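Heads up, the thing below is written out as structure tokens.
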Amino acid sequence: MADEDALPPEVLAILGELQADHERSGGAPLSLARLSKRTQLRMSTLRRFLSALEEAGVLKVELNEDGTGSAQLLLPSEG
């Protein structure tokens, strides 16, 4: 894979944490605060990457009026 085709390390960190949490919690959403802390990304940076991943259909982001929220991987059904 060419370097220009590689995913940014931030995206890999986000997806890795969401996958690990999905396996631990059985697919429950992960709070953005916790995801930010685990990936060591600022909330603004995290939200920018999450928006792009949501547009790509990789995950779902829920934002609340108070600024909190959660993210959840959208995995194909395992049947």
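Among the residues of the stretch 20-60, those identified as crowded, with 16+ Cβ neighbours inside 10 Å and part of a strand (DSSP E or B) are Leu30, Leu59. Across the stretch 61-79, the qualifying residues are those that are crowded, with 17+ Cβ neighbours inside 10 Å and of a type in the set (S, T, N, Q), and the one among them that is nearest to the chain's Cα centre (by Cα) is Gln72.
Would you say Ser25 is polar (S, T, N, Q), out of contact with any His (no Cβ under 6 Å at 6 or more places or on another chain) and modelled with pLDDT of 95 or more? No. Give the residues of the stretch 6-19 that are more than 13 Å from the chain's Cα centre (by Cα) and either crowded, with 17+ Cβ neighbours inside 10 Å or part of a helix (DSSP H, G or I) (or both), sorted by residue number. Within the stretch 6-19, no residue meets the criteria. In the stretch 33-60, the qualifying residues are those that are closer than 18 Å to Gly16 by Cβ and among the hydroxyl-bearing types (Ser, Thr, Tyr), and the one that is farthest from the chain's Cα centre (by Cα) is Thr45.
The values are calculated or read from the model by the stated rules, or taken from the named source; none is laboratory data. Predicted model, so just to flag it, every value in this text is computed and none were measured. A quick note on method: Cβ atoms are made from the backbone with ideal geometry, for glycine too, and the neighbour counts reach across all protein chains shown.
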